[in-house]
Each structure stands twice: as C-alpha cells, then as structure tokens.
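Structure, as structure tokens:
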Amino acid sequence: MIVKVLNPEQVKTTAEIAHTIWNHHYVPIIGQDQVDYMLEHLQSERAISEQIESGYEYYLIYQEKTPVGYLSLRPNYPEGKIMISKIYIDATTQGKGYGYELLEFVKKLTLKRSFKSVWLTVNRHNSNTINWYQKRGFEVIGEKKLDIGNGFVMDDLVMEASADKLLS
C-alpha cells in the first residue's frame with residue numbers, strides 16, 4: 001500500500017524511517033558525519049515539511065501496517081519531467097518488490113500527468129543502486145557535484161528514463 005504523506009504524523013513517520021534507512025545504507029558510503037548532516041538538513045520533520053510546502057510529494061509504502069520505505073517526487077511541469085528525489089526501502093524488506101512497486105507507481109503517475117521522463121541523482125559510489133536503476137530503464141546522462149554545506153559534497157550521477165521505457 002502506498003500512501004501520500006499529508007499530515008504531521010506521516011511526516012514524522014517518514015523522518016523516522018529515513019533515519020533508519022540512511023544510517024544503515026549510507027554510513028559505509030559517505031560516513032556518519034555526512035549522514036547526520038543530511039538527515040538534519042534534508043530528511044528531518046522540518047525539512048520534509050518544508051519540501052512538501054515547496055511542491056515535493058512524499059509517499060510512504062507499507063508492508064501490512066508497517067512503513068517499509070518512502071518516495072519523494074518533484075514534478076517539473078514546464079519541462080515535462082518528474083524527479084525522483086528520494087526512493088528508499090528498509091534493508092529488512094529489500095528484495096521483496098517494494099522498490100519495484102514504487103517505480104510502478106511513479107510510472108503510472110508520470111503517464112497520468114503526461115510527463116515525458118523521470119530523472120534522479122544517485123551517489124556515484126552506490127553501484128548496486130545504479131545497476132538496479134539501469135535494469136529498470138534508466139541511463140546515466142550526466143554527473144552532478146553539489147556542495148551541501150559544512151564541507152560536504154554530493155557527488156552523483158544523473159540518470160533518466162523516458163516515461164514509456166521505465167520498467168521496460
């Protein structure tokens with residue numbers, strides 16, 4: 001079940017699951033200090049609420065009544081694209097199809113809103129995730145380095161899939 005994040009309790013749930021997922025997945029890639037910084041500035045209750053107010057859409061995915069992951073999208077209507085800002089599944093439920101289910105959801109939403117493509121950024125050292133996206137129709141189209149403050153940099157690949165080829 002996928003539910004749009006609409007209220008403060010859902011925002012709190014999203015921030016809590018982000019804390020669990022990011023600490024498990026990203027510490028080996030970027031280190032604890034950068035994870036702590038990014039969680040505070042990008043995935044805290046305050047940060048998520050501000051993103052939603054500015055046009056981001058957040059969704060939680062559930063296994064029965066337990067949230068197991070989340071998705072954040074940023075529509076860009078003038079360009080006809082939608083960005084997957086975040087898509088994360090808890091390690092205890094990876095491999096059970098929840099990530100694929102979220103991508104199916106994105107594809108349906110993309111086609112319904114007549115977007116021509118979906119794009120995202122992924123840490124260049126996150127090879128398993130890069131491969132996962134490539135198997136689902138995404139191609140690397142560029143690179144992006146972003147200074148996020150406090151001496152931290154996001155060093156990412158930019159990936160994109162046309163709406164009709166996503167999951168093909």
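Quick look at the values:
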{"quantity": "Subset tally (residues that are outside any helix (DSSP H, G or I) and touching a Phe, Trp or Tyr at 6+ places or on another chain (Cβ under 7 Å)) for region 37-47", "calculated": "1"}
{"quantity": "Selection count where residues are touching a Leu at 6+ places or on another chain (Cβ under 7 Å), more than 12 Å from Tyr133 (Cα to Cα) and part of a strand (DSSP E or B), scope region 144-168", "calculated": "2"}
{"quantity": "Region 143-152: number of residues that are under 18 Å from the mean Cα position of the chain (by Cα) and without any contact (Cβ under 8 Å) to a residue 60 or more places away in the chain", "calculated": "4"}
{"quantity": "Residue satisfying condition, being among the β-branched types (Val, Ile, Thr), surrounded by 19 or more Cβ atoms within 10 Å (Cβ to Cβ) and either over 13 Å from the mean Cα position of the chain (by Cα) or at pLDDT 95 or above (or both), within set Thr92, Thr110", "calculated": "Thr110"}
{"quantity": "Residue among Leu111, Leu60 that is within 23 Å of Leu166 (Cα to Cα) and out of contact with any strand residue (DSSP E or B) (no Cβ under 8 Å at 6 or more places or on another chain)", "calculated": "Leu111"}
{"quantity": "Those residues of region 65-98 which are touching a Lys or Arg at 6+ places or on another chain (Cβ under 9 Å) and of a type in the set (Gly, Ala, Ser), in sequence order", "calculated": "Ser72, Gly80, Ser85"}
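Per-residue answers, yes or no, for (1) in a strand (DSSP E or B); (2) surrounded by 14 or more Cβ atoms within 10 Å (Cβ to Cβ); (3) without any contact (Cβ under 8 Å) to a residue 24 or more places away in the chain:
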site	(1), (2), (3)
Ile21	no, yes, no
Pro28	no, no, yes
Ser49	no, yes, no
Leu60	yes, yes, no
Ile84	yes, yes, no
Tyr88	yes, yes, no
Gly99	no, yes, no
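The values are calculated or read from the model by the stated rules, or taken from the named source; none is laboratory data. Fair warning: this is a prediction, and the values are worked out from it, not measured in the lab. Note that each Cβ is placed from the backbone with ideal geometry, even for glycine, and that neighbours are counted across all protein chains shown.
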